[in-house]
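Student: Pasting a structure below so you can have a look.
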Amino acid sequence: TISGPTQSCESAVYSVQAQEGHTYTWEVIGGQISDGQGTHQISVDWVDSDELLVKVMVKNKDECFNEISLEIELQETLPEICSITFNDKGDAVIISWENSNSPTTFNLVKSVDGENSITQEIGSEINEVEIEADEFGMYYLSYENQCGAVINSSIVSPIYLEVMEEAGTSVKLVWNSYVGSEVAENSIYRGPSRNNLELYAKVEGDINEFVDNQISVSQKVYQIQAIVNSCLDEVIVISNPFKANDVITSISILESNDYLIYPNPVGSRLHIRLPNNLTPTASNVKYAFIDVSGRAFEKGSIASINEKITVNTEQLDSGIYYFVIYWDKQSFIKKIIKK
């Protein structure tokens, strides 16, 4: 038998058992022999072809011969991701692709700040997954072929609506660019809830921020939508919905050097030290942790307060949050990481 990869690697080695006094005549269809003709082992460079075959004629010293062949399959093609979008709730991303001669199994990889981790193994019959979106991440498909080469798809990222800052009576929305294909136009939707949003404004696709100068207490939820061209033709991708909660009603925000918040990343306790001249009254102080989808966790009031505030974060899952504390007409927002 012929030993070697049954997929058309760019360069591959094929061999039969070496026997003294035997000669070896190789023939390759769909590729070129780069080394080893006349020996028991050859190197082959494959090219694109509908038919791929390796054959060898083995003769002994008595001129008796044996012909052996090995059919080679076209190398499996890793699919490209067609779209990535948040689901309706905003707590997960949906990643879709088209299968075409896909590997039997491959991996979905998440990349965060340059660190890559496999989120799950996927079978070739699957062309869409929905995974929890607990932090900003970029995604790609990956697998190792029979030749030992790691093949990766293009990297993609959904639209994350990450930051909402107040400045007087305005609200500023900031989001990242969709990664995967060009966006001609971003549509901004606003409404009282994520299930009741209406088109509010449009900006060009290369613009990633918007200032709302007409904020409304009853219109607290924002979302970005865009139409992208992909292997699934035109598809609509949406960001996470961001709920402004009670912060939208306050009218000023402390600058970052006006207070101290630590530790960050945080474990079970978060400490906030306020400036001496801005200590609020105890009855008015409230706080909340908001995840990247705009959902509020661990909302509460602080019963006893002085210059230093301590908040219990033990019940929070690991991930990225916005910590919001507000009182009277003052508030601040700080991005934190829960370990």
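Readers should treat all values here as calculations from the given coordinates under stated rules, not as data from a laboratory. Being a predicted model, the structure only gives us computed values, none of them experimental. As a convention, Cβ positions derive from the backbone with ideal geometry for all residues, glycine included, and neighbour counts pool all protein chains shown.
Student: Cβ under 15 Å from LYS59's Cβ, LYS59 left aside: what net charge do those residues give with Lys, Arg +1 and Asp, Glu -1?
Tutor: -3
Student: Now for a separate question. Arrange the peptides 25-34, 174-183, 233-242 so that the one whose residues have, on average, the most other Cβ atoms within 10 Å appears first.
Tutor: The densest-packed peptide leads the list: 233-242, 174-183, 25-34.
Student: For LYS110, go through the lysines and keep the ones whose alpha-carbon is under 29 Å away, minus same-chain ones fewer than eight residues off.
Tutor: The reachable lysines, counting only those whose Cα sits under 29 Å from LYS110, are LYS89, LYS172, LYS243, LYS334, LYS335, LYS338, LYS339.
Student: Which ordering of THR85, THR105 is given by a fewest-first count of other beta-carbon atoms within 10 Å?
Tutor: Ordered by Cβ neighbours within 10 Å, fewest first: THR105, THR85.
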